[in-house]
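See below for the structure under consideration.
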Amino acid sequence: MSLIQSKSILKSISSPVFWFGLFLVFFSFYNYSGREETQAIRSDMRGYYSYLPAILSHNDPSFQKCLEAEAQYLQEKKNQNYLVKTENGGVHNKYFPGVALLQSPFYAMATAISWMTGIPTDGYSATYQLFLQIGATFYAILGLLLFYSLLKNLFPEQKTLIRWLLPVLYLATPLFHYSVNTLSFSHSYSFFLFGLFSWFIIKMRKEVYKWYFLGLGLTLGMIVLVRPTNLIIILIIPFLLGNTAGLRVFWRQLFKNRAQKFIYGTAGVLLIIFNLFLIWKWESGSWLIWSYGGEGFTFLSPHIIASLFSFRVGLFLHTPILILSIVGLVYLYKSNKFQAFWWALYFIVNCWVISSWWAWDYESAFGNRPYTEHLIFILLPLFTLLQQRKVWSYSFIGLFFIVGLIRISTFNSGFMVNQKFTRKNYFMSLAFWKDANFDRWAYPKSCRPFGVRTRGLVLREQKGELQINPNDIFNLSGKATLPLPRTTERLYFRVVLDKMTTEAPLEDVLLVLDARNEKTGTSYYRALPLHNDRLEGVKEWAHVEFESLIPDNLQTFSRINIYIWNKGGKQFKIKNFKIVLEEYKS
């Protein structure tokens, strides 16, 4: 090994980015080892991942063997949320298969080890769980390195600052959370692909090869296959190219020599996207389907203001360091109007599309999560601001870094569990060291379902004051019988009440949602604490609200029962109680 190579290795090892990458790996597996082994496949990952065992292990387009394996390995039986019933009665996986394709090498390794050691190759054993975790961490680390590469190329004069600032940006934004805590979503995979996409564009600023276009096309295809709306990334290409001259060269090269490079890039995209059509044909018999049955976009009435500024999930409230990116945009406009225009267009279109999804809050507990992969580009004007060497900008970065650390601490310590942010609790929740704030707030309030409200039923109404005594275990039940068969109807319940008690917190008093089909045995059971604030309603009336979608993608439930369960045998009062069941059809 030469002296130059040795110095290069030592320089890399001494970099804060290297140690931060090791920290990400350690923290990821520390979290994994602290959970039950079956928890690596949870939440949205159940749908993303299920393509691998369904296709490679079972050849089962109905995904029933996957559900059976989940029931066997999961410590508690959980309802699936990824299979959707179509209007013609068919069933398909609503999620796109990009994550599965990225995880396929790790699935193959897990299968080989399982086969050699005599472990079932059903896709859900501890071996598969471990390799899924390894794969997720692998792409998270690659995403970090590609982001580092992008920053060094765009801001070469700030290399030293970037090495130290990159870990700060991860901890001040949801990047750390979705790289370590919540790998069950697709965001860390998309972040890696965004980094790879930018790597190809930066390469083509210097040299333009047809193989670069092929790689760019394959990457773009994977980006769409993971999350289709991220096709918006093409709007950032002019920004990365730097100026009008760079865009002109790129465009000319794209169609030079009978559009050879365009053909290579298009071939790369189609090669990946064709897998989607094959999978749709395999699972549904149709080459083209709208996989998110009963869900959709409301492009004419987007929730842009709420998406950016609401206490619930507002981008700038939950990731305040991005305010500095907007300030940096002003300086970028002064120095490079071309880049400022394309960055603004990319950001605006993203806001419009993300906030137009029917579930505009995306059930996020850690800010508005669809913006996560876009942070690789949204953060870039921040470095233009830092080029101005404004002392106050560093002060704000330090402040927002501390806020980010607090947010991570609240999640990992349990202070953020089941919490929906409101004006009342947003700032109070930052005081996570107060014992009274532990698991204090619970705001189960989903977005209204997509489509038109076709029916509304009042299941129970109690306006007068009602005394609940310790011996009153089950109270104020509201029941409904549901017609079968159904297709794309979506059910939504609302419960409102006023309550008063002499003790706080009012422990072990629950609002229960029990939906089931007696013939098939399918069921959904959810018990929510009967509070929005655990300390509310002591010797005075407090208003409490609950709203939530009832997950019934396969339209199987035949009855619903909603009631109050006085599990702890408490004494309290209720008035203005109302249960409403609503039906929406797209």
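The values are calculated or read from the model by the stated rules, or taken from the named source; none is laboratory data. All figures in this text were calculated on a predicted structure; none of them were measured in a lab. Neighbour counts run over all protein chains shown; Cβ positions are idealised from the backbone, glycine included.
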Of all residues in the range 551-560 being surrounded by 15 or more Cβ atoms within 10 Å (Cβ to Cβ) and modelled with pLDDT of 90 or more, the one that is farthest from the chain's Cα centre (by Cα): S558
So G451, is it touching a strand residue (DSSP E or B) at 6+ places or on another chain (Cβ under 6 Å) and closer than 20 Å to E545 by Cβ: no
Selection from the range 466-508 of residues that are closer than 30 Å to T520 by Cα, within 31 Å of the chain's Cα centre (by Cα) and of a type in the set (A, V, I, L, M, F, W, C): L491, F493, V495
Any hit, the range 368-389, residues being outside the structural domain of R490 (by TED's automatic domain parsing), over 24 Å from Q339 (Cα atoms) and either crowded, with 19+ Cβ neighbours inside 10 Å or at pLDDT 90 or above (or both): yes
Test result for I397, surrounded by fewer than 16 Cβ atoms within 10 Å (Cβ to Cβ) and among the β-branched types (V, I, T): no
Residue in the range 340-360 that is nearest to the chain's Cα centre (by Cα), counting only those that are under 13 Å from L329 (Cα atoms) and buried (at least 19 other Cβ atoms within 10 Å of the Cβ): F347
Residue list for the range 90-127, restricted to those being free of Cβ contacts under 8 Å to residues at least 40 places away in the same chain, over 22 Å from G143 (Cα atoms) and of a type outside the set (A, V, I, L, M): S114, W115, T117, G118, P120, T127
Criterion: modelled with pLDDT of 95 or more and surrounded by fewer than 18 Cβ atoms within 10 Å (Cβ to Cβ) - qualifying residue of V538, V512: V512
Given (1) surrounded by 17 or more Cβ atoms within 10 Å (Cβ to Cβ); (2) at pLDDT 80 or above, index of the condition T86 fails: (2)
Residues of the range 398-430 classified as within 17 Å of the chain's Cα centre (by Cα), on the phi < 0 side of the Ramachandran plot and assigned to a loop (DSSP other than H, G, I, E, B), total: 5
Exclusive hit being of a type in the set (K, R), touching a Gly at 6+ places or on another chain (Cβ under 9 Å) and farther than 30 Å from T488 by Cβ, set K210, K256: K210
Which listed residue, of I263, I233, is surrounded by 17 or more Cβ atoms within 10 Å (Cβ to Cβ) and under 29 Å from the mean Cα position of the chain (by Cα): I233
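Per-residue answers, yes or no, for (1) touching a Ser or Thr at 6+ places or on another chain (Cβ under 6 Å); (2) within 23 Å of G414 (Cα to Cα); (3) assigned by TED's automatic domain parsing to the domain that holds T319:
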{"site": "P120", "(1), (2), (3)": "no, no, no"}
{"site": "Q129", "(1), (2), (3)": "no, no, no"}
{"site": "I134", "(1), (2), (3)": "no, no, no"}
{"site": "I141", "(1), (2), (3)": "no, no, no"}
{"site": "L146", "(1), (2), (3)": "no, no, no"}
{"site": "E157", "(1), (2), (3)": "no, no, no"}
{"site": "I162", "(1), (2), (3)": "no, no, no"}
{"site": "F176", "(1), (2), (3)": "no, yes, no"}
{"site": "V180", "(1), (2), (3)": "yes, yes, no"}
Filtered residues of the range 324-335 (kept if free of Cβ contacts under 8 Å to residues at least 12 places away in the same chain and among the aliphatic types (A, V, I, L, M)): V330
Yes/no for T160 being within 24 Å of the chain's Cα centre (by Cα), β-branched (V, I, T) and surrounded by fewer than 21 Cβ atoms within 10 Å (Cβ to Cβ): no
Residue that is farthest from Y292 (Cα to Cα), among those in the range 35-46 that are at pLDDT 65 or above and in a loop (DSSP other than H, G, I, E, B): I41
F338 being assigned to a loop (DSSP other than H, G, I, E, B) and touching a residue at least 12 places away in the same chain (Cβ under 8 Å): no
Close pairs from the range 262-289: first free of Cβ contacts under 8 Å to residues at least 24 places away in the same chain, partner charged (D, E, K, R), Cβ under 7 Å, at least 6 apart: W287/K281
Within the range 308-330, tally of residues that are of a type outside the set (A, V, I, L, M), buried (at least 18 other Cβ atoms within 10 Å of the Cβ) and either part of a loop (DSSP other than H, G, I, E, B) or modelled with pLDDT of 95 or more (or both): 6
Criterion: modelled with pLDDT under 85 and among the hydroxyl-bearing types (S, T, Y) - qualifying residue of Y95, Y32: Y32
Filtered residue count, the range 490-510, keeping only those that are touching a Pro at 6+ places or on another chain (Cβ under 9 Å), assigned to a loop (DSSP other than H, G, I, E, B) and among the charged types (D, E, K, R): 2
Some residue of the range 451-461 being assigned to a loop (DSSP other than H, G, I, E, B), more than 14 Å from D552 (Cα to Cα) and not β-branched (V, I, T): yes
Single residue of R423, R460 found to be of a type in the set (K, R) and either under 28 Å from P167 (Cβ atoms) or surrounded by 15 or more Cβ atoms within 10 Å (Cβ to Cβ) (or both): R460
Condition check for I272: of a type outside the set (D, E, K, R), surrounded by 15 or more Cβ atoms within 10 Å (Cβ to Cβ) and at pLDDT 95 or above: yes
Pick from the range 202-218, criterion crowded, with 23+ Cβ neighbours inside 10 Å and within 28 Å of the chain's Cα centre (by Cα), ranking: nearest to L379 (Cα to Cα): L216
